[in-house]
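Structure, as C-alpha cells:
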Amino acid sequence: MEVLNAIRIGISSLRYYQLIAYVAILVILYYVINAVYRVTLHPLAKYPGPFLQRISDWPLVFHCYGGNRHIIEYQNHQKYGKIVRYGPNSLSFSTATSMQTIHHAKANIKKGEWYKTLDISAGAPSIQMMIDKSEHAIRRRTISPAFSERALRDAEGLIAINARKLADAIGTLPNGANQGDWTQPKNMNDWATYFGFDFVSDLGYGRCFGMVEDRDNRWIPGVLKSASRFLYYVGYLPFAPILRPLMGTSIQDYVGGQSAADSLKYTRLANGRLAERMELERQLKDSGKETTRKDTFHYLLNTKDPVTGRRFTTEELQADSSLIIAAGSDGVGLAVSSTIFYLLRYPTTLSKLTDEIRSAFADVSEIRHPKLGSLSYLTACVDESMRLCPAKPSTLPREVLSGGMIIDGHHIPQGISVGTPTYVLHRDEDIYPEPWEYRPERWIVDEKSGVSSENVAAARSAYCPFLIGPMNCIGKNMAYIAVKQALAHLLFRYDIRQAGAELTGGGRPDLEKGRQREDEYQMTDYIIGFRDGPMIELRSRL
Ligand code: HEM
C-alpha cells in the first residue's frame, strides 16, 4: 500500500511533459528489451535472417505493401541459406522436404492468424479462412462436388465458350484492315485477365462479367488488385486482431484509404452476383425445371455435407463467392500471360508448342478434353510458366500446434509460423538446373536429351504452384483446363509476335534490385502475382 501511495504521489507531482517523457522511455525500454530477447533467448534466436526482421514484423508488412515480398524472400534465402527467420516468430524453409512436411495431411499445424482477415468482409469465413484443420476438412468435403470430375466435364463446355470469345475479341482488326493483317498492339495481361474473370464468373454465377467483349466491367480487376494489397499487409500488422472487428463495416470505407474501400466494393460486387444466382436457382426450383447449367454455384447451392447433412449458410456462400472469383481469375490470367511472354522470349519453344496444338486439332470446335489434356508439351509449357510465375509466390503461413513438429531435422515449438516460399523453391538450382531458363523439356522424361525420370521426379517433388496436401488449391484441375483452353485457342487460330522492338513484361535495368532480368516476367505480389504485358500482335491463319 505504501509503495502504491508513494508511486501515486510521485506521479501527481510530475508535470505532464515529464509524464509523457517517462511513458516514452518505458515504451522504448519495452521494445529494446523485447528486441534483445528476440535475438538472444528467444527459441528462434539461433536462426539467421535480416536483423530488423528478426526483431519485428514491420518489415514484412512493408514488403507485402510494396508487392516485392517474393523478391526479398529470394534475396534472404540466397544470403542466409535454406532456413530464414523472417519475423520474430516466423521461419521460412526453402527445401522440397520441408514443403512436403509442412503441407502433409498429418502435419501438426493449422493455418496462420493472417488468414483470419482474408475474406472477413463477407460476414463468415471462406474455405480458405478456415484455419482449424478439422473444420476446414468439413468445409472442403461440402464444397468438393463443385470441383468433381463430373463438374469439370460440365465446366469445360462453358470454359471453351469463353476461350473462343477471347480469341475472337483479341484478334479483332481495326477498320480498313484486311484478313491476314497483323492486329494493333494488345496487352496480353489485360486480355488474359478478362478471360480469367469471365470464365470464373460464368462458371460461378451463370452470368459472365463479359469483360472480353465489352468495357463495362473492366474496372473489377483493378479493384481486386487494390483489395488484395490491403488484405495482404493488414493481416500481418502487429495489431491486426484489434482491427478485425472493424473490417467489413462501413468504417473500412473511411479508414485505410482507397484500397480498404476497394476491398469492400469488391465484396459487395461478389455478394450482389451471388444474390442474383440464388434467385435464379429459386426460380428454377419453383418452376420445377431441371437446370441445364451445372455451374459452380449450382453445386454449392444444392450440396450438403454427406456426414452432417449441413448446407452452406448465405454468409458462407458469399465468402466463397468472393474467394472463388479472386482465386480463380487471376491465377489463370497470370498463367496465360506469363506463358505467352516466355513463348515469345523462346521462339523455338513457341513453334514446337504451336505445331503440337495445330496438328492435334483440325478445327477450333475440337479443342476439348481428353485430347487437350493429352498434349504433353502444352502441359510442360504451362507447368514451366507456373514454376517461374507461381500465382502465390511467397510463403503462406502455417502455425505449429501444441507439441511442436520436426521440420528438416529441426524441432519447431508450438506457436511458430512456418512456410515455404514458392518463388524461391522453384528457383533452386539443385532441383531445376539453370533455374531462370524457361525450359518445358525439364518436365518430360527423355534420356536422349539428358532428362531422366529421377530428374523429373525431383522437379515434381518441389513443385507447388497449387500447394499440396489437404489445404491445396481445390480448383487446380479447373485451372489447368482454363489455361490450356485459352492457349490452345490462341495458338491454333493466330500467329503471335511481340509488338515493338522490345518484349515488354520482363525486368529492366532501371527497376529495383531483383527485377533487372529482362528474361523474367515480372510480378507484383499482393497475395496474387499481378503483372503487366507483354504487348503482342496477332495474325489470323484461318
Ligand atoms: C493457375 C491458377 C491457380 C493457382 C496457381 C492457384 C493456387 C492456389 C493456391 C496456392 C492455393 C492455396 C492458398 C493457401 O493455402 O492460402 C489455392 C487455394 C484455393 N484455390 Fe486456387 N489457384 C488457381 C486457380 C483456381 C481456380 C480456377 C479456382 C476455382 C474456380 C480456385 C479456387 C481455390 C480455392 C477455393 C482455394 C481454397 C482451398 C482451400 O482452402 O481448401 N483456384 N489456390
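The values are calculated or read from the model by the stated rules, or taken from the named source; none is laboratory data. Note that the coordinates shown come from a computational prediction; the quantities given were computed from them, not determined experimentally. Neighbour counts are summed over all protein chains in view; Cβ atoms, including those assigned to glycine, are modelled from backbone coordinates with ideal geometry.
Things to note:
- Scanning segment 288-346 for residues that are modelled with pLDDT of 95 or more and more than 11 Å from the ligand (Cβ to nearest atom) turns up 337, 340, 341, 342, 343, 344, 345, 346.
Rundown of residues vs (1) among the β-branched types (Val, Ile, Thr); (2) part of a helix (DSSP H, G or I); (3) at positive phi, yes/no style:
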{"site": "301", "(1), (2), (3)": "no, yes, no"}
{"site": "307", "(1), (2), (3)": "yes, no, no"}
{"site": "315", "(1), (2), (3)": "no, yes, no"}
{"site": "318", "(1), (2), (3)": "no, yes, no"}
{"site": "325", "(1), (2), (3)": "yes, yes, no"}
{"site": "328", "(1), (2), (3)": "no, yes, no"}
{"site": "338", "(1), (2), (3)": "no, yes, no"}
{"site": "341", "(1), (2), (3)": "no, yes, no"}
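- The combined condition, being buried (at least 16 other Cβ atoms within 10 Å of the Cβ), out of contact with any helix residue (DSSP H, G or I) (no Cβ under 6 Å at 6 or more places or on another chain) and on the phi > 0 side of the Ramachandran plot, is not fulfilled by residue 415.
One line per residue, one yes/no per condition, for (1) outside any helix (DSSP H, G or I); (2) loosely packed, with under 13 Cβ neighbours inside 10 Å; (3) in contact with a Ser or Thr (Cβ under 9 Å, 6 or more places away or on another chain):
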| position | (1), (2), (3) |
| --- | --- |
| 30 | no, yes, no |
| 35 | no, no, yes |
| 42 | yes, no, no |
| 61 | no, no, no |
| 64 | no, no, yes |
| 71 | no, no, no |
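- Taken over segment 353-400, the criterion of being more than 16 Å from the ligand (Cβ to nearest atom), acidic (Asp, Glu) and either buried (at least 21 other Cβ atoms within 10 Å of the Cβ) or not in a helix (DSSP H, G or I) (or both) is satisfied by 363 alone.
- For residue 54, the conditions (1) over 22 Å from the mean Cα position of the chain (by Cα); (2) of a type outside the set (Gly, Ala, Ser); (3) surrounded by fewer than 16 Cβ atoms within 10 Å (Cβ to Cβ); (4) not in a loop (DSSP other than H, G, I, E, B) all hold with the exception of (3).
- Residue 353 being touching a Cys at 6+ places or on another chain (Cβ under 7 Å), closer than 14 Å to residue 521 by Cβ and not β-branched (Val, Ile, Thr): no
- From the list 180, 196, the lone residue that is outside any helix (DSSP H, G or I) and touching a residue at least 60 places away in the same chain (Cβ under 8 Å) is 180.
- Looking only at segment 412-438, residues that are closer than 23 Å to residue 521 by Cβ and either of a type in the set (Val, Ile, Thr) or not in a loop (DSSP other than H, G, I, E, B) (or both) come to 6 in all.
- Scope segment 182-219; condition surrounded by fewer than 19 Cβ atoms within 10 Å (Cβ to Cβ) and closer than 17 Å to residue 164 by Cβ; matching residues: 210, 213, 214
- Against the criterion of being closer than 30 Å to residue 95 by Cβ, modelled with pLDDT of 95 or more and over 25 Å from the mean Cα position of the chain (by Cα), residue 349 qualifies.
- Residue match in segment 82-89 (condition: more than 19 Å from residue 408 (Cβ to Cβ) and free of Cβ contacts under 8 Å to residues at least 40 places away in the same chain): no
- Once segment 99-126 is narrowed to residues that are part of a helix (DSSP H, G or I), closer than 17 Å to residue 416 by Cβ and under 20 Å from the mean Cα position of the chain (by Cα), the residue that is nearest to the ligand (Cβ to nearest atom) is 115.
- Here residue 167 meets the list (1) surrounded by fewer than 16 Cβ atoms within 10 Å (Cβ to Cβ); (2) in a helix (DSSP H, G or I); (3) more than 16 Å from the ligand (Cβ to nearest atom) almost entirely, failing just condition (1).
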